Amino acid sequence: MAIRNIVKEEDELLRKISKPVFDFDERLGILLDDMHDTLKKAEGAGLAAVQVGILKRLFIMDVGHGIRECINPKLLRAEGINKIKVEGCLSVPGKCGLVERPEKVWVEYQDRTGAKVNKKFSGFEAKCFCHEYDHLDGILYVDKATKMFKDRDEYYRNTKNNKSNEGEN
Ligand code: CO
């Protein structure tokens with residue numbers, strides 16, 4: 001287990017398309033374990049492999065009930081408009097912005113053994129999934145943000161939202 005370095009916004013790597021995972025081997029397990037440590041240390045809600053410099057289609061997310069590993073994820077269907085607008089990213093430290101995401105998503109992915117998983121996510125988990133999913137295609141939330149804030153204080157001053165349901169993805 002090890003903490004990996006998180007790639008920052010200016011790095012062109014974050015703009016690349018990640019490649020499908022074919023080998024569900026020990027190396028994949030090590031990457032995922034390291035990503036767990038890295039996400040916990042950074043106190044984030046989500047982390048994509050590209051954010052630690054690995055162009056593989058996988059991410060992990062933790063919305064408060066343990067870490068979920070999503071490998072070769074697919075977004076099958078999306079519905080509604082998420083009530084949570086504010087979003088952050090560990091690759092864009094400090095800043096946050098408002099992004100519209102679906103309220104519900106129906107998704108498919110594989111776990112670390114390669115087994116297929118089908119899930120329906122809503123609320124913060126749906127938002128988080130969409131944010132991480134975008135990372136795999138070189139998209140950052142700043143591309144989609146309707147408004148950006150230089151830090152959380154500026155966001156709080158500009159909105160009446162409470163502090164719940166936030167996270168750095
Ligand atoms: Co992110």
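The values are calculated or read from the model by the stated rules, or taken from the named source; none is laboratory data. This structure is a prediction, so every number in the text was calculated from the model and none was measured. A quick note on method: Cβ atoms are made from the backbone with ideal geometry, for glycine too, and the neighbour counts reach across all protein chains shown. We work out accessible area using only protein heavy atoms, side chains counted, and drop any ligands, DNA or RNA first. Shrake-Rupley method; radii C 1.70, N 1.55, O 1.52, S 1.80 Å.
The residue of the range 55-83 that is least open to solvent (accessible area, probe 1.4 Å), among those that are over 10 Å from E132 (Cβ atoms) and in contact with a Leu (Cβ under 6 Å, 6 or more places away or on another chain), is I71.
Among the residues of the range 89-101, the ones that are under 17 Å from M61 (Cα atoms) and more than 11 Å from the ligand (Cβ to nearest atom) come to 1 in all.
How many residues are free of Cβ contacts under 8 Å to residues at least 24 places away in the same chain and farther than 22 Å from V50 by Cβ if we restrict to the range 120-149? Adding up the residues that qualify gives 2. Among the residues making up the range 87-108, a single one is within 14 Å of the chain's Cα centre (by Cα), touching a residue at least 40 places away in the same chain (Cβ under 8 Å) and over 15 Å from D151 (Cα atoms): V99.
Scanning the range 16-39 turns up no residue that is within 17 Å of P93 (Cα to Cα), modelled with pLDDT of 95 or more, open to solvent by 20 Å² or more (accessible area, probe 1.4 Å) and outside any strand (DSSP E or B). Considering each of I60, I71, I84 in turn, give the residue that is assigned to a loop (DSSP other than H, G, I, E, B) and in contact (Cβ under 8 Å) with a residue 24 or more places away in the chain. Only one candidate qualifies: I84.
Number of residues in the range 135-147 that are touching a helix residue (DSSP H, G or I) at 6+ places or on another chain (Cβ under 8 Å), within 22 Å of P20 (Cα to Cα) and surrounded by fewer than 21 Cβ atoms within 10 Å (Cβ to Cβ) equals 2. Of the residues in the range 107-128, not one is at pLDDT below 95, crowded, with 20+ Cβ neighbours inside 10 Å and among the hydroxyl-bearing types (S, T, Y).
Please indicate, with yes or no, whether at least one residue in the range 130-145 is among the acidic types (D, E), closer than 14 Å to L98 by Cβ and in a helix (DSSP H, G or I).
yes
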